[in-house]
Structure formats: C-alpha cells, structure tokens
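Step one of this worksheet: look at the structure below.
Derivation of every value follows stated rules applied to the coordinates shown; laboratory data play no part. Treat the numbers as computed from the prediction; the structure is a model and nothing was measured. Here Cβ is always computed from backbone atoms with ideal geometry, including for glycine, and neighbour counts include all displayed protein chains.
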Amino acid sequence: MEEMNNSNCALEVHHLSKTYATVRAVDDISFEVQHGEIFGLLGPNGAGKTTILRMLLDIIKQDAGQISILGGPMSEEKKTRIGYLPEERGLYEDMTLWETLLFLGQLKGLARQTAETRAEAYLREVELWEPRDRKIEALSRGMNQKAQFVAATMHEPELIIIDEPFSGLDPVNTRIIKNLLYEMRERGAAIIMSTHQMHQVEEMCERILLIDRGKRVLYGPVHEIRREFAGNAVEVSMRGEIHHAPGVERITMRDGSYRLLLEDGVQPEEVLKTLVEMPEITVERFERVQTSLDEIFVQVVGREVSVEELAA
C-alpha cells in the first residue's frame with residue numbers, strides 16, 4: 001500500500017447535517033476514524049447510517065458541516081484510495097468472476113498485470129480460485145459475498161467502508177474475511193464497518209458511533225462504553241461455596257461461576273476484600289460484569305431494537 005498521510009486521522013466529520021423535506025436524517029453528527037482501526041457505525045432503521053455513508057462518499061451533499069477524508073475534501077483521485085462494500089450488492093452477473101475483478105481493479109487504477117496478481121492472491125485467500133471462470137450469476141450467495149468483498153478491497157484502499165460484510169457467510173468464511181480485515185488494519189487502513197451482528201462489533205471494533213433518529217447517542221472506545229454501562233454486579237470463580245456475603249443482594253450460579261448482585265452504593269472492591277478474608281473460600285477470578293452492546297442499545301435507544309432494524 002502507498003504511504004498514507006502524516007496525520008493518523010483518515011476521516012474527520014464535523015457537525016454534519018442533512019434534511020429531506022421535513023425529516024432531519026442526520027443532525028449535527030461529529031466523529032473521526034483513525035488509520036489502523038476498525039470503527040463501528042451502528043444504529044436502528046432510519047437512524048441515518050446510509051445517509052452518512054453517502055455523504056462521506058460524495059454521492060449526496062450535506063446541508064451543513066465539514067468532511068475531511070484522507071486529508072481534505074473528496075476528489076476523483078481519492079476515490080481510487082477508498083473501498084466500498086455497499087449493502088446492496090451489484091456485480092455484473094453476466095461476466096465471469098475473473099473478468100469482473102480485472103475490470104474493477106483497473107477502474108481503481110491498477111495496471112493490468114497488478115490487477116491479475118492481486119486478483120489471484122485474493123481469490124486464493126478466500127478460496128475462490130477454482131470457480132474464477134464462472135459467471136457471477138452462477139455463484140452461490142456465500143461465494144458472491146466473498147467476491148464482492150474482494151472487488152471492494154483488492155486495490156488495497158486506505159479507507160474501507162463495508163456494510164454487512166459477513167452476510168451469507170458460514171463461520172469458516174466469516175473467519176477468512178475477518179482475517180483479511182485484520183491484515184488490512186495492520187497495514188494501516190481505516191475501516192468503517194456497519195453490521196447488525198453485535199458480537200462481531202464487540203470482537204473487532206476499537207471504537208463505535210451509535211446514532212438514533214439522526215443524532216449521536218454513543219461514541220467512543222467499546223471497552224469504555226461497556227464499562228460505563230456495567231451493572232452493579234460481579235462474577236466470581238472460587239474454590240468452596242458461598243451463600244451470602246455483606247453488601248451482596250443476591251447470589252446466583254451461572255456456567256460454574258457465581259454472579260453477585262451488589263447492593264446500591266457497594267463497590268466491587270469492598271466485596272472482593274470481604275471474599276478474600278473468608279477462610280472457607282479461595283477466590284480464583286473476580287471481575288465486574290460487563291453489559292453487552294445489545295443491552296446497551298436497548299438502554300440508550302430506549303426500546304428493543306430488532307435485527308431487521310439494525311440491518312437496515
């Protein structure tokens with residue numbers, strides 16, 4: 001990949017807004033994405049995710065706000081340094097996979113020989129080398145998804161925007177795509193990922209932006225957000241048994257560990273000190289229970305968010 005900008009910031013968005021008729025689709029949104037990170041853009045149906053992505057890619061214009069992408073305004077030259085995997089897939093169905101990748105690679109500025117070398121390397125990586133001469137329409141859903149991913153990333157872009165990258169993939173192929181994304185991150189690419197699969201977000205994303213009804217409602221490192229929303233509970237593994245303890249409202253067993261719900265105002269450190277001083281038990285693990293992103297979504301958005309909403 002070519003050398004990137006001196007600044008570690010691949011994308012800066014300041015006070016972005018967009019209105020359709022009387023609907024404020026995006027309302028004063030600000031965020032940034034760094035080179036070498038996977039960033040999650042999340043929100044339920046109608047939150048404004050698609051509108052934001054289209055403004056980033058210069059497909060539509062914002063009403064207000066500034067976008068700095070790869071060091072400044074969008075340009076035709078910068079479009080060759082960006083990879084985009086949209087939710088609506090659209091490769092040319094009557095072309096072969098090999099012809100499609102060479103064509104799209106050259107559109108992104110690759111020389112023919114480089115396009116051939118990259119296409120072969122990526123097709124072998126995603127286990128699509130053998131069916132390279134099949135027409136796109138003859139590929140299975142999972143094969144088509146991997147082909148779309150290769151088409152969006154084989155020019156090794158500096159900024160990658162991917163919408164539902166694991167759609168239609170089994171666990172083995174999901175792992176293949178994940179590993180490629182990790183490699184791209186290690187090379188310094190900035191990756192914006194939109195997906196409804198919250199476990200993938202928790203595993204892969206360093207930071208997230210959650211929007212709802214056009215407004216920013218959560219933004220920051222995933223581990224800090226989960227810590228902020230952590231309930232007043234701890235999980236303990238121990239030798240011995242415990243049925244009650246000072247400052248603990250309820251004790252339950254879960255997967256071989258104890259889940260302790262603390263009384264209001266009681267700090268986990270106080271309970272740990274108490275447990276360590278109990279002669280009948282030996283504490284082997286003690287950690288605060290972290291709330292899942294799914295649970296945080298419900299708390300912040302104020303309603304249950306369906307898979308269909310998150311995927312939209």
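How much length, in nm to one decimal, is gained on full extension between Thr274 and Val172, taken as 0.36 nm per residue of separation minus their Cα-Cα distance?
This chain segment gains 32.2 nm when fully extended.
Compute the Kirkwood hydrodynamic radius of the chain, taking the inverse of the mean of 1/r over all pairs of distinct Cα atoms, and give it in Å to one decimal.
Mean inverse Cα-Cα distance, inverted, gives 21.9 Å.
Remind me, relative contact order of the stretch 93-154 in percent, using alpha carbon pairs under 8 angstrom and six or more residues apart?
Computed over the stretch 93-154, the figure is 49 percent.
Among DSSP bridges having both ends in the chain, what percentage is antiparallel? Round to the nearest 5.
Among the beta bridges of the chain, antiparallel pairing accounts for roughly 70 percent.
Please work out whether the stretch 231-288 counts as rounded, prolate or oblate from its C-alpha gyration tensor, where a ≥ b ≥ c are the square roots of the eigenvalues and a/c under 1.5 means rounded, while otherwise a/b larger than b/c means prolate and anything else oblate?
oblate
Please give the charge dipole size of the stretch 251-302, origin at the Cα centre, charges +1 on K and R Cβ atoms and -1 on D and E Cβ atoms. Round to the nearest 20 debye.
The calculated dipole for the stretch 251-302 is roughly 100 debye.
Once the Cβ-Cβ distance between Glu77 and Gln34 is put in as r, and R0 is 30 Å, what FRET efficiency do you end up with, to the nearest 0.05?
For Glu77 and Gln34, the calculated efficiency is 0.90.
So if we plug the beta-carbon distance of Glu125 and Glu235 into 1/(1 + (r/R0)^6) with R0 = 41 Å, what FRET efficiency do we get, rounded to 0.05?
With R0 = 41 Å, the Cβ-Cβ based efficiency is 0.60.
Expected output is a single nm value to one decimal: the length gained when fully extending between Gln267 and Ala64, i.e. 0.36 nm times separation in residues minus the C-alpha distance. What is it?
Computed gain between Gln267 and Ala64 is 68.6 nm.
State which entries of Lys78/Lys215; Lys108/Lys178; Lys49/Lys215; Lys18/Lys215; Lys18/Lys78 exceed 18 angstrom in Cα-Cα distance in the structure shown.
In this structure, Lys78/Lys215; Lys108/Lys178; Lys18/Lys78 exceed 18 Å between Cα atoms.
In nm, what is the difference between 0.36 nm times the number of residues separating Ala138 and Asn179 and their Cα-Cα distance?
12.2 nm
When the convex hull of the C-alpha atoms of the stretch 93-154 is computed, what volume per residue in Å³ does it have?
66
Top mean-square fluctuation among Leu272, Leu85, Leu11, Gaussian network model of the chain, C-alpha springs under 10 Å?
Leu272
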